[in-house]
Amino acid sequence: MNNDNSMKDSNESIGEAMMNAAAGTEAEQKFRPRIHRQMKEPKQAVDAAQDKKISELTNDLQRTRADFENFRRQTEQQREQYATVVKLATVKKMLPLLDDIDRAVAANADTLGPVSKNIEKTLRDLGLTRIPAEPGMDFSPSIHDAVMVEGDGDVEKIAEELRAGYYYDGEVLRPAMVKVVKQ
């Protein structure tokens, strides 16, 4: 039994030694909380610095996205404006050609009548329409350009259309050149 007691004592002493080793000495136990605290503070400081950096990068990313969206919208708007300007310039260059076609149709109405209707349809598709200026209509200085005036009356009527005028997308591109009679 002695042997059992000595073994029991030796097991207890080994257990106590292991507990003491795990717990450390009293001096170690006094410094352990300070060491543990020192390790936490830098980690919190690092976390705060990382959070600040993440916030700055997020803000930079949001600004960059907004700048890109503004650039994309502005580029699209410029592209649309450029397309409108090019289309308008093309239509303006076509006006003398249209005048020549009108004269040719007037000289050969039977032969060129169907071609004229086809051209008018194409012009409407482009947003170009003729300004009405038939003889007997009231004269309107906003859409008609009077180059000749006859008579002494108060009412101005169109006597003859000398050159066709055109609307482009609802706005006057070129006023109709007309001869006016005052009645």
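The values are calculated or read from the model by the stated rules, or taken from the named source; none is laboratory data. Being a predicted model, the structure only gives us computed values, none of them experimental. As a convention, Cβ positions derive from the backbone with ideal geometry for all residues, glycine included, and neighbour counts pool all protein chains shown.
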Checklist entry - If you scan the stretch 132-168, which residues turn out to be touching a Pro at 6+ places or on another chain (Cβ under 7 Å) and of a type in the set (V, I, T)? => result I143, I158
Next on the checklist: All but one of (1) more than 41 Å from the chain's Cα centre (by Cα); (2) within 18 Å of L173 (Cα to Cα) hold for D138; state the number of the condition that does not hold.
Outcome noted: (2)
Next on the checklist: Every residue in the stretch 92-122 that is under 36 Å from the mean Cα position of the chain (by Cα) and basic (K, R), please.
Outcome noted: K92, K93, K121
Item to check | Meets criteria (under 16 Å from the mean Cα position of the chain (by Cα) and surrounded by 10 or more Cβ atoms within 10 Å (Cβ to Cβ)) for E69 | outcome: yes
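Taking T90 as the residue in question, decide whether it is closer than 28 Å to G127 by Cα and at pLDDT 75 or above. Outline the logic, then answer.
Working: closer than 28 Å to G127 by Cα: yes; at pLDDT 75 or above: yes.
Spelling it out, T90 is indeed closer than 28 Å to G127 by Cα and at pLDDT 75 or above.
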Item to check | Checklist (1) farther than 30 Å from Y166 by Cβ; (2) modelled with pLDDT under 90 applied to R72, failing item | outcome: (2)
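Residue check: is Q50 out of contact with any helix residue (DSSP H, G or I) (no Cβ under 9 Å at 6 or more places or on another chain) and either outside any helix (DSSP H, G or I) or within 23 Å of D169 (Cβ to Cβ) (or both)? Spell out how you get there, then give the answer.
Values: out of contact with any helix residue (DSSP H, G or I) (no Cβ under 9 Å at 6 or more places or on another chain): yes; either outside any helix (DSSP H, G or I) or within 23 Å of D169 (Cβ to Cβ) (or both): no.
Spelling it out, it is not the case that Q50 is out of contact with any helix residue (DSSP H, G or I) (no Cβ under 9 Å at 6 or more places or on another chain) and either outside any helix (DSSP H, G or I) or within 23 Å of D169 (Cβ to Cβ) (or both).
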